[in-house]
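Read-outs throughout are calculated quantities, based only on the coordinates presented, and are distinct from any laboratory measurement. A quick note: this is a predicted structure, and the numbers were derived from the prediction, not measured. Cβ placement follows ideal geometry from the backbone for every residue including glycine, while neighbour counts extend to all protein chains displayed.
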Amino acid sequence: MDCRSGAVVSLGYGALDQVRAGAGLAMSDLATAFFEAFSFFNILMIFAGVMLGIIVGAIPGLSAPMAIAIAVPLTFYMDPLTALAFLISVNKGGTFGGAISGILLNTPGSPEAAATTLDGYPLAKKGQPIRALRAALFASNGGDFFSDLVLILVAAPLALFALKLGPVEIGALVVVALAFVSELLAKSPSKGLIAVGFGLLVASVGADPTMAIPRMTFGSIDLQGGVPLMSVGIGILALSEVLVQLERRFRRTRTIEDKPLEFGKSSDDRFTRKDLRRIAPTIGRSAVIGTVVGALPGLGTTLAAFLGYSAARRSSKTPESFGKGNIEGVAGAEAANSAVVGANLIPLLALGIPGNIAAALLVGAFIIHGIVPGPWLFEEQPVLIYGLFISMVFATCMNLIVGNLFLRYFAMVLRIPAYITFPSIVFLCVVGSYINEQSLFAVGITLVFGIVGYLMRQFGIPVVPFIIGLILGPMLEHSLSQTYVLTDASLAGLLDYPVALALYLLALIIILRPLVMRRRPSGGGEDNGEIV
């Protein structure tokens with residue numbers, strides 16, 4: 001064997017050793033993640049998160065994102081894995097919890113549960129509330145589990161692709177995401193653009209990232225680091241929703257239809273294996289729909305729920321029974337909206353772009369613990385990623401167990417009077433904001449944006465595009481600054497970046513599409529409504 005052959009063999013063995021070392025490292029990370037995910041405290045917080053989410057979601061007018069906004073500051077002293085597992089568990093429980101009040105009160109606990117109500121409440125009126133609730137529970141967890149598996153399989157390859165993108169492409173990708181959000185999350189695309197622009201404006205408060213020059217701080221030292229993200233989120237989501245709900249209660253009177261139903265004692269008020277076999281195809285179909293919707297930034301759970309419900313109705317042999325208490329309608333809506341919970345983390349973990357409001361709030365938890373979400377996490381913190389995936393699957397199982405054991409007791413939450421519920425929420429908003437920043441100034445920001453959020457809702461300006469614009473603002477500004485340098489401040493320089501150019505053209509098409517559609521003669525457009 002000559003020297004060259006020996007060198008080749010040596011290099012081959014060296015490469016093989018590196019592969020083995022990498023595999024050993026991956027197995028070691030996986031074992032460590034498994035150990036941390038199944039620690040007693042992590043399991044306890046997953047249980048607490050599911051319980052909190054279901055309880056909050058079951059209260060009409062409250063939602064999982066609202067619970068997350070309040071709970072994020074409470075995770076300040078937790079380790080990152082436990083904090084994220086707790087918040088994701090809140091989201092999972094809250095998504096199912098919204099179906100409880102929808103089925104028993106005909107009042108959806110959250111917007112996405114409106115589709116569940118269409119058949120859930122008529123089914124409960126027939127004396128089968130337990131059957132309807134258990135169908136919603138199994139469908140919710142089935143869709144959730146499917147999306148978790150897709151997240152585990154898809155996120156890493158997508159992150160590997162994202163690592164190949166430069167600042168020019170990332171800036172263009174953020175622009176596309178903001179265009180999607182502004183166009184899809186509002187009745188009026190112009191109001192969506194206003195909301196995104198307002199979010200970008202608030203995000204620009206503080207020191208300039210390139211020159212460190214203070215902007216719009218009005219001489220306040222507290223604003224040098226920017227507007228506190230979680231204080232804004234708590235105020236504009238949780239506090240403003242309390243004000244909206246109080247206004248509605250002052251305007252309406254309680255009717256007989258608002259009274260919660262009693263659980264039926266008839267023999268047909270049972271969820272059987274036959275029911276499970278009947279709704280299994282519906283769950284599978286809606287899980288795929290919800291996962292696709294969740295993976296696309298800006299679409300959200302409400303759209304997924306109605307798409308899942310519509311697909312179930314079209315595929316049913318008895319579509320005329322929908323709206324009158326068809327168990328497939330309950331399953332179709334719940335499986336689709338719950339599938340969004342795992343899928344919306346795909347763009348967050350792989351690209352650093354939150355897919356919806358719940359994922360946007362999770363960014364706050366990442367930031368609190370000094371973690372930047374994005375493709376770098378898979379390389380820099382594999383233990384956290386593996387542990388998060390394991391915790392998500394376990395949280396889905398916990399959601400099913402807790403829902404089965406305490407379903408009757410969760411329904412009692414509907415009887416808590418508003419004069420106890422709403423003051424408690426306001427108290428948690430104030431305390432949570434203070435804990436996060438250790439400052440009364442942050443509490444003032446929460447109160448101010450609570451009023452701002454209330455006014456935005458009154459004028460029909462969606463708050464979700466605002467929050468996502470606020471979160472993506474610094475990333476967009478940083479990427480555009482680098483683009484300015486790399487292209488020599490010339491639009492012609494974008495010709496050297498075809499991927500970025502294609503993304504900018506896509507964003508332009510998304511923004512201009514409503515104007516083109518408005519000029520066409522139509523027999524009545526479709527209105528998906530505002531997703532809040």
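Restricting region 291-351 to trypsin sites (Lys or Arg not before Pro) that sit in a DSSP loop and have at most 11 other Cβ atoms within 10 Å of their own Cβ leaves Lys317.
Other residues within the sphere of radius under 14 Å centred on the Cβ of Leu151, judged by their own Cβ, net out at -1 (K and R +1, D and E -1).
In percent, rounded to a whole number, the relative contact order of region 29-517 is 29, using alpha-carbon pairs under 8 Å and six or more apart. Once both labels are positioned 7 Å from their Cα atoms along Cα-to-Cβ, the gap between Arg278 and Asp208 label points is 6.6 nm.
Per-residue Cβ neighbour counts within 10 Å put Arg278, Arg408 in the sequence Arg408, Arg278, beginning with the fewest.
Applying 1/(1 + (r/R0)^6) with R0 = 35 Å to the Cβ-Cβ distance of Glu320 and Arg408 gives a FRET efficiency near 0.60. Once the Cβ-Cβ distance of Ser490 and Trp376 is raised to the sixth power relative to R0 = 25 Å, the FRET efficiency obtained is 0.25.
Listing Asp496, Asp29 from fewest to most neighbouring C-beta atoms within 10 Å gives Asp496, Asp29.
Seen from Glu334, the other residues with C-beta closer than 10 Å to its C-beta sum to a net charge of -2, counting Lys and Arg as +1 and Asp and Glu as -1.
The listed peptides 483-492, 336-345, ordered by packing as a protection proxy, come out as 336-345, 483-492 (highest mean of other Cβ atoms within 10 Å first). Here the peptides 218-224, 377-383, 88-94, 129-135 are ranked by packing, the mean other Cβ count within 10 Å, and the order with the highest first is 88-94, 129-135, 377-383, 218-224. Legend: ranking of residues Met392, Met27 from fewest to most surrounding C-beta atoms inside 10 Å; resulting order Met27, Met392. Close amide H pairs (under 5 Å, H built 1.01 Å from N) link Ile353 with Leu348, residues at least 5 positions away or on another chain.
Put simply, the Cα atoms of region 29-517 extend 74, 54, 44 Å along their principal axes, the longest span coming first. Each other residue within a Cβ distance under 13 Å of Ala280 adds +1 if Lys or Arg and -1 if Asp or Glu, for a net charge of +3.
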